[in-house]
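Student: There's a structure below that I have some questions on.
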Amino acid sequence: MMKRIDDWHAKNAMQTAIIDGKELVTYKQLEERVQDRAKILAGIPQKVILAPMSNALDQLINFLALIRANKVAVPVNAGHSDQGLQDILNQFEDPLVLTDIHTISEKAAVPFDSAEYASPSNLAFIGFTSGTTGQPKGYRRTHQSWIKSFEGTNALIRQSCNQNTTVFGSMHYSLSLYTLMQTLYFGQTFILNPHFSTKRLIGLVKQTESLTCYLVPTMIHALVSKLEVQNEVLTENYTIISSGAKLNVDIRRKLYHYCPNVQLYEFYGSSETSYISMETVQGIPSDNSVGQLFPGVEVVIDQPNAEGIGEIQVRSPLNFAGYHRKGEDRVATVACVSTGDLGKLAGNSLEYYGRKDDCINRGGEKFYPLEFERHLLKLEAVDEIVVLGIPDVHYNEKIGAVIVWSDHNQAMSLAEINAYLSSRMSRPAKIDHVFAVQAIPKQNNGKISRKQLLHELVKERVPSVI
């Protein structure tokens, strides 16, 4: 990946590489800064170096310099607690935390003999997610896997060097790093944002030509909600690439209403698989569709039920190189990844039915939360909704709906909700409990944690129904 930055420096040194609001950095300047820092880093004995990342230009350059110096870069949240950082440090033999680039050589430990990541030349970095247990879980990503993904994106959405690209998540997230590296790979301009705000996003759309925004669905929801309140229509031509979760139909419909000239693409994938499929339909796609399989990707549905729905397994050159294990330096693409997601194949198209763990077992009958959410979001009275399984001693689980009403003084009764569902669901199904909330809590990456939401409900709202 770094060779491509060299190439763009040679071809068009004065092309803007990164804008952070305060500073504009050309490819020539970026190359010089990366090289200067890489020389310092190359003299440090440690191979594994943790790079605290927020949304600062200096930290982006540190990350690029670590890759250039052939180190194992480990981007971590700069806002981590001491314990959170220590949990990650404990997973390596002799790690070093990169703080001030000019004093790091003074803080480096004496040379040591360690075989951990002795030859990391094809390893781009090790990222960390919270994992299903809440403990940090490292995933290894190679240069080759991301390059294949960049090229696949270009085959589906033609890239040009006059594009401006932006992302709003913290730069330690996989999607944010991916956006940065793909932007530089194609010689485009990356716009760095300190944090997400609808005001900032709307301003960029109005002021920036050839803009592509990488957003998660909660950010798109915030955008259309803001435009709806302001009764404002953005007529500019720009592109949104949605990733991280399934984009519901109601948000899509509102986005096209308030942004009639937007080009919307929805990518489905994960940190482990990179992209799996892409929805290119400009309008409202068929129910549960997440589009066509990405170039080079093969999907197998494991143990499908009578409807053809089973766990999505992925064979792909875009797959990650395995989870990190202390002391292990073997780096090879994982041939087949079990995603933990439920899906169904229809030719070369993929349908998504949510997380396998989110499937609700009500008295032995399986229900998918997305089935309910997709229908209920069509109601004007519903602004946001999350459907989840509520533990129950008789049924194993009952079906709960956590709802943000569009008008907080208005609510549909449980009977009204179930009457609506009965005429639309493909099989008999009903909501057992409704919980009205002012807002649905989001994680730092903009996603919703059903487990955390259930924990809060059980702790504060529903002990009597368990």
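The values are calculated or read from the model by the stated rules, or taken from the named source; none is laboratory data. As the structure is a computational prediction, the values presented were derived from the model and not from experiment. Note that each Cβ is placed from the backbone with ideal geometry, even for glycine, and that neighbours are counted across all protein chains shown. With ligands, DNA and RNA removed, areas are computed over all heavy atoms of the protein, side chains included. Shrake-Rupley method; radii C 1.70, N 1.55, O 1.52, S 1.80 Å.
Student: Would you check which residues across segment 339-356 are in contact with a helix residue (DSSP H, G or I) (Cβ under 9 Å, 6 or more places away or on another chain) and either farther than 14 Å from Ile309 by Cα or of a type in the set (Gly, Ala, Ser) (or both) and list them? Please lay out each step first, then the result.
Tutor: Within segment 339-356, the first condition is being in contact with a helix residue (DSSP H, G or I) (Cβ under 9 Å, 6 or more places away or on another chain), and the residues that meet it are 339-342, 352-355.
Matches in segment 339-356: Gly340, Gly354.
Okay, residues lined up against (1) free of Cβ contacts under 8 Å to residues at least 40 places away in the same chain; (2) touching a helix residue (DSSP H, G or I) at 6+ places or on another chain (Cβ under 9 Å); (3) surrounded by fewer than 17 Cβ atoms within 10 Å (Cβ to Cβ):
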{"position": "Gln207", "(1), (2), (3)": "yes, no, yes"}
{"position": "Val216", "(1), (2), (3)": "no, yes, no"}
{"position": "Met219", "(1), (2), (3)": "no, yes, no"}
{"position": "Val224", "(1), (2), (3)": "yes, yes, no"}
{"position": "Leu234", "(1), (2), (3)": "yes, yes, no"}
{"position": "Ser243", "(1), (2), (3)": "no, yes, no"}
{"position": "Leu247", "(1), (2), (3)": "yes, yes, no"}
{"position": "Tyr256", "(1), (2), (3)": "yes, no, yes"}
{"position": "Asn261", "(1), (2), (3)": "yes, no, yes"}
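Student: Please work out which residue is most open to solvent (accessible area, probe 1.4 Å), limiting yourself to segment 444-457 and to residues that are in a loop (DSSP other than H, G, I, E, B), of a type outside the set (A, V, I, L, M) and in contact (Cβ under 8 Å) with a residue 24 or more places away in the chain. I'd like the intermediate steps shown before the answer.
Tutor: Within segment 444-457, the subset in a loop (DSSP other than H, G, I, E, B) is 444-449.
From what is left, the residues that are of a type outside the set (A, V, I, L, M) are 444-447, 449.
So of that shortlist, the ones also in contact (Cβ under 8 Å) with a residue 24 or more places away in the chain come out as 444-447.
On the way: Asn444: 138, Asn445: 43, Gly446: 13, Lys447: 78 Å².
Once the filter is applied, the top-ranked residue is Asn444.
Student: Another question, then. Going by the conditions given, is Ile276 open to solvent by less than 20 Å² (accessible area, probe 1.4 Å) and of a type in the set (A, V, I, L, M, F, W, C)? Give the derivation first.
Tutor: Values: open to solvent by less than 20 Å² (accessible area, probe 1.4 Å): yes; of a type in the set (A, V, I, L, M, F, W, C): yes.
When the stated conditions are applied, Ile276 passes them.
Student: Would you point out which residue out of Ala335, Ala346 is farther than 30 Å from Ala415 by Cβ, surrounded by fewer than 16 Cβ atoms within 10 Å (Cβ to Cβ), in contact (Cβ under 8 Å) with a residue 12 or more places away in the chain and out of contact with any Gly (no Cβ under 8 Å at 6 or more places or on another chain)?
Tutor: On the way: Ala346 fails: in contact (Cβ under 8 Å) with a residue 12 or more places away in the chain.
Ala335 is the lone residue from the list that is farther than 30 Å from Ala415 by Cβ, surrounded by fewer than 16 Cβ atoms within 10 Å (Cβ to Cβ), in contact (Cβ under 8 Å) with a residue 12 or more places away in the chain and out of contact with any Gly (no Cβ under 8 Å at 6 or more places or on another chain).
Student: Moving on. Within segment 377-385, is there a residue that is part of a strand (DSSP E or B) and open to solvent by less than 10 Å² (accessible area, probe 1.4 Å)? First the steps, then the outcome.
Tutor: Going residue by residue through segment 377-385, those that are part of a strand (DSSP E or B) are 382-385.
Applying the additional criterion that residues be open to solvent by less than 10 Å² (accessible area, probe 1.4 Å) yields 382.
Scanning segment 377-385 turns up at least one residue that is part of a strand (DSSP E or B) and open to solvent by less than 10 Å² (accessible area, probe 1.4 Å).
Student: Taking Arg4 as meeting all but one of (1) over 25 Å from the mean Cα position of the chain (by Cα); (2) closer than 21 Å to Asn122 by Cβ; (3) open to solvent by 10 Å² or more (accessible area, probe 1.4 Å), write down the number of the exception.
Tutor: Here Arg4 clears every test but (1).
Student: Scan segment 283-301 for residues that are modelled with pLDDT under 95 and charged (D, E, K, R) and jot them down.
Tutor: Within segment 283-301, just Asp287 meets the criteria.
Student: Quick check on my filter: what residues within segment 100-109 are part of a loop (DSSP other than H, G, I, E, B) and either at pLDDT 85 or above or surrounded by fewer than 13 Cβ atoms within 10 Å (Cβ to Cβ) (or both)? Break it down into steps so the answer makes sense when it comes.
Tutor: Taking segment 100-109 and keeping what is part of a loop (DSSP other than H, G, I, E, B), we get 100-103, 108-109.
Hits for segment 100-109 are Asp100, His102, Thr103, Ala109.
Student: Follow-up. Among what's in segment 386-397 and is among the hydrophobic types (A, V, I, L, M, F, W, C) and part of a strand (DSSP E or B), pick the residue that is nearest to Asp250 (Cα to Cα). First the steps, then the outcome.
Tutor: So the first thing to find is which residues in segment 386-397 are among the hydrophobic types (A, V, I, L, M, F, W, C), and the list is 386-388, 390, 393.
Filter once more, keeping what is part of a strand (DSSP E or B): 386-388, 390.
Values: Val386: 14, Val387: 16, Leu388: 20, Ile390: 25 Å.
Ranking the candidates gives Val386 first.
Student: Tell me yes or no: at least one residue of segment 393-410 is at pLDDT below 85 and within 14 Å of Ile431 (Cβ to Cβ).
Tutor: Our first condition is that a residue be at pLDDT below 85; within segment 393-410, this holds for 393-394, 407-410.
Retained after the next criterion (residues that are within 14 Å of Ile431 (Cβ to Cβ)): none.
Within segment 393-410 (the criterion being at pLDDT below 85 and within 14 Å of Ile431 (Cβ to Cβ)), the answer is no, since none of the residues qualifies.
Student: (1) out of contact with any helix residue (DSSP H, G or I) (no Cβ under 9 Å at 6 or more places or on another chain); (2) over 15 Å from Phe125 (Cβ atoms): which one isn't true of Ile88, the others all being true?
Tutor: Result: Ile88 passes all but (2).
Student: Sort out which residues of segment 349-376 are within 26 Å of Leu414 (Cβ to Cβ), in a strand (DSSP E or B) and open to solvent by 20 Å² or more (accessible area, probe 1.4 Å), and write them in order of number.
Tutor: Correct list: Tyr353, Arg355, Asn361, Arg362, Glu365, Lys366.
Student: Let me ask something additional. Would you check which residues across segment 282-310 are of a type in the set (A, V, I, L, M), within 30 Å of Ile147 (Cα to Cα) and surrounded by 15 or more Cβ atoms within 10 Å (Cβ to Cβ) and list them?
Tutor: Step one: list which residues in segment 282-310 are of a type in the set (A, V, I, L, M), which gives 284, 290, 293, 297, 299-301, 306, 309.
Add one more test, that the residue is within 30 Å of Ile147 (Cα to Cα), and what stays is 290, 293, 297, 299-301.
Hits for segment 282-310 are Val290, Leu293, Val297, Val299, Ile301.
Student: Sticking with this structure for a sec: Would you confirm, using the coordinates I've provided, whether Lys430 is assigned to a strand (DSSP E or B) and among the charged types (D, E, K, R)?
Tutor: Numbers: assigned to a strand (DSSP E or B): no; among the charged types (D, E, K, R): yes.
No.
Student: Can you report the number of residues in segment 243-261 which are out of contact with any Pro (no Cβ under 6 Å at 6 or more places or on another chain) and either modelled with pLDDT under 95 or aromatic (Phe, Trp, Tyr) (or both)? Write out each step before concluding.
Tutor: Narrowing segment 243-261 to residues out of contact with any Pro (no Cβ under 6 Å at 6 or more places or on another chain): 243-244, 246, 248-261.
From what is left, the residues that are either modelled with pLDDT under 95 or aromatic (Phe, Trp, Tyr) (or both) are 243-244, 246, 248-254, 256, 258.
Here the count works out to 12.
Student: Let me ask something additional. Could you give me the residue pairs with C-beta distances under 7 Å whose first residue belongs to segment 136-148 and is over 14 Å from Tyr178 (Cβ atoms), whose second residue is part of a helix (DSSP H, G or I) and open to solvent by 10 Å² or more (accessible area, probe 1.4 Å) wherever it lies, and which are 6+ apart or on separate chains?
Tutor: These pairs meet every condition: Pro136/Asp87.
Student: Oh, and also: When both residues are 6+ apart or on different chains and their Cβ atoms are under 9 Å apart, which pairs have a first residue that lies in segment 414-442 and is on the phi < 0 side of the Ramachandran plot, and a second that is open to solvent by 80 Å² or more (accessible area, probe 1.4 Å) and of a type in the set (A, V, I, L, M)?
Tutor: none
Student: Residue under question is Gln91, and the condition is that it be modelled with pLDDT under 90, farther than 23 Å from Leu180 by Cβ, touching a Leu at 6+ places or on another chain (Cβ under 8 Å) and not basic (Lys, Arg); does it hold?
Tutor: Values: modelled with pLDDT under 90: yes; farther than 23 Å from Leu180 by Cβ: yes; touching a Leu at 6+ places or on another chain (Cβ under 8 Å): no; not basic (Lys, Arg): yes.
Criteria not met by Gln91.
Student: Need a quick list: strands (runs of 3 or more DSSP E) entirely within segment 182-287 having at least 1 residues that are more than 16 Å from Gln163 (Cα to Cα) and β-branched (Val, Ile, Thr).
Tutor: Values: elements: 189-191, 211-215, 238-242, 262-270, 274-279.
Where strands (runs of 3 or more DSSP E) fall fully within segment 182-287 and carry at least 1 residues being more than 16 Å from Gln163 (Cα to Cα) and β-branched (Val, Ile, Thr), they are 274-279.
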